[in-house]
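The values are calculated or read from the model by the stated rules, or taken from the named source; none is laboratory data. Quick caveat: nothing in here was measured; it's all calculated off a predicted structure. For neighbour counting, all protein chains shown are included, and Cβ atoms are generated from backbone atoms with ideal geometry for every residue, glycine included. In case anyone asks, the SASA skips ligands and DNA or RNA and just uses the protein heavy atoms, side chains included. Shrake-Rupley method; radii C 1.70, N 1.55, O 1.52, S 1.80 Å.
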Amino acid sequence: MSRRPIIAGNWKMNLTVAEGLALASGVRDRCNRFRGIDVVVGPAAMALHPIIKRLDGSAIGVAAQNCHWADKGAYTGELSPVQLAEVGCTHVIIGHSERRTLFGETDENVGKKARALHDHGLIPIICIGETLAEREAGATIDVVRRQLDAAIAPLEGDELARSVVAYEPVWAIGTGKTATPEQAQEVHAAIRGRLAEAAGKDVAEQVRIQYGGSVKPTNIRALMAQPDIDGALVGGASLDSDSFARIVSFKEDAD
Ligand code: PGA
């Protein structure tokens, strides 16, 4: 089956609101004309609302970079799916390795967040991936399975089908070291196999699995040529509208 590609930018803790608005306008001007592909930007929290307003009327989605699972409450510094849905977010990145490593994100919490996001009509981008030590120990598949299982356990099949999984080997994030297309495909195929075991082949075939980790205009085509790679979660190269647009337009660039 052919899955609609999805390219998302993860801006992380970069850009002021003014800079983010300029980048969002650049992305809209360069990317809105591409059909047959989902394009999503992921600004810092305080820029979500103005950027959503700026992108109003375009087909570009907007992702938050994290959320809490509760609707509201005494959780200083957190944002709830209710709040993110109200301002018009379409997606939320959860379980990013930086949140797992630096901020204590657990497998179980990622599952709670995925559940809460679907309760409020938001699409989770569920990040999973092994560290270099885990890869060298031969534990890659075990690690991504464990992370995936916990994230999807609370979801119904139709919710899972609408979810996005991002495979991001931690050793490839921000390092300029991309997994080879074959290395990425091997893990993507294992992820899809696990999704099929958990929810059936039909559902597994619908889930879009992004690759993330030093994706650039120069390597996107080879990655996207793999059968189980359905898009990319892009950090550094999403901070420039020109390089992001060249990634989004990977098909056109092929001509
Ligand atoms: P990178 O980041 O593209 O800068 O490697 C990817 C990510 O962390 O999502």
Note down all Cβ pairs under 9 Å where the first residue falls in region 211-228 and is over 12 Å from residue 248 (Cα atoms), the second is among the aromatic types (Phe, Trp, Tyr) and not in a strand (DSSP E or B), and they're at least six residues apart or on different chains. 213/171; 223/250
For residue 200, are the conditions met, namely being loosely packed, with under 15 Cβ neighbours inside 10 Å and within 17 Å of the chain's Cα centre (by Cα)? no
In the list 129, 104, which residue meets the criterion of being within 12 Å of the ligand (Cβ to nearest atom) and on the phi > 0 side of the Ramachandran plot? 129
Quick test of your reading of the structure: residue 170 fulfils all but one of (1) free of Cβ contacts under 8 Å to residues at least 40 places away in the same chain; (2) open to solvent by 30 Å² or more (accessible area, probe 1.4 Å); (3) of a type in the set (A, V, I, L, M). Name the failing condition by number. (1)
Would a scan of region 42-54 turn up a residue that is open to solvent by 50 Å² or more (accessible area, probe 1.4 Å) and either at pLDDT below 95 or within 30 Å of residue 252 (Cα to Cα) (or both)? yes
Scan of region 1-24 for residues that are part of a loop (DSSP other than H, G, I, E, B) and either surrounded by 14 or more Cβ atoms within 10 Å (Cβ to Cβ) or modelled with pLDDT of 95 or more (or both), ordered by number: 3, 4, 5, 11, 12, 13, 14, 15, 16
Take region 40-79 and flag every residue that is of a type in the set (Ser, Thr, Tyr) and touching a helix residue (DSSP H, G or I) at 6+ places or on another chain (Cβ under 8 Å). 58
Listed by range, helices (runs of 4 or more DSSP H) wholly within region 160-250 having at least 2 residues that are closer than 17 Å to residue 2 by Cα are 181-199, 201-206, 220-224
Considering residues that are free of Cβ contacts under 8 Å to residues at least 60 places away in the same chain and within 19 Å of residue 124 (Cα to Cα), the number found within region 173-192 is 2
Can you report the number of residues in region 100-146 which are surrounded by fewer than 18 Cβ atoms within 10 Å (Cβ to Cβ) and within 19 Å of residue 42 (Cβ to Cβ)? 5
So which residues in region 164-195 are among the acidic types (Asp, Glu) and within 11 Å of the ligand (Cβ to nearest atom), if there are any at all? 168
Can you confirm whether residue 242 is more than 10 Å from the ligand (Cβ to nearest atom), touching a residue at least 40 places away in the same chain (Cβ under 8 Å) and among the charged types (D, E, K, R)? yes
Quickly run through region 127-159 and pick out the residues that are out of contact with any Asp or Glu (no Cβ under 6 Å at 6 or more places or on another chain) and not in a helix (DSSP H, G or I). 128, 130, 131, 137, 138, 139, 153, 154, 155, 156
